[in-house]
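Comments concern the structure below.
What follows is calculated from the coordinates using simple rules that are stated; it is not laboratory data. Because the structure is a prediction, the values reported are computed rather than measured. Here Cβ is always computed from backbone atoms with ideal geometry, including for glycine, and neighbour counts include all displayed protein chains.
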């Protein structure tokens, strides 16, 4: 379902409230070691990132260039709002999430275009995208991008007017 008539502020406020209730506004990776180590978002290079506008255009165009989009953050935030067509792949910061991600992609070509995203908190505090990205890289996937959400999913996707789905 597209978020067209629903006030964007309401959805953003809802996402922020969920973050506060479930502790996502202060992500567990806020110490320096967790945010700057080899499995952190900082270990993902610029060339491995995709900007929201670029992903939005790719998804609108469809066809052979359309990536598989996987949300690797909180199930609660995914249910509240996610990119249309995105699959929930489990929290990238937890072993159970990485196992779910591995299972989800096990049968795919290692050249499959995949975009990962979380959006639980600011990029420099995200505990999920780095481990998920490195899991796919270690599995031999060669065409993986990570959606760069500088602040969070609400501010960098929803507030820009890009479509969302709810539920699942």
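The table below lists the values:
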| read-out | value |
| --- | --- |
| Residues 50, 114, 96 arranged by fewest to most Cβ contacts within 10 Å | 96, 50, 114 |
| Distance between modelled label sites at residue 43 and residue 124, nm, 7 Å Cα→Cβ extension | 2.0 nm |
| Cα convex hull volume per residue for segment 63-119 (Å³) | 81 Å³ |
| Order of 65, 156, 87 - criterion: other Cβ atoms within 10 Å of each residue's Cβ, fewest first | 65, 87, 156 |
| Burial ordering of 80, 53, 165, fewest other beta-carbon atoms within 10 Å first | 53, 165, 80 |
| Sequence-separation-based contact order of segment 28-158, relative, with Cα cut under 8 Å and 6+ spacing, percent | 32 percent |
| Estimated distance in nm for a label pair at residue 51 and residue 99, the labels positioned 7 Å out from Cα along Cα-to-Cβ | 4.0 nm |
| Stretchable slack from residue 76 to residue 166, in nm (0.36 nm times residue separation minus alpha-carbon distance) | 31.3 nm |
| Length gained when the stretch residue 142-residue 106 is fully extended (0.36 nm per residue, less Cα-Cα span) | 11.6 nm |
| Rg/Rh for segment 28-158, where both radii come from Cα atoms and Rh is the Kirkwood radius | 0.93 |
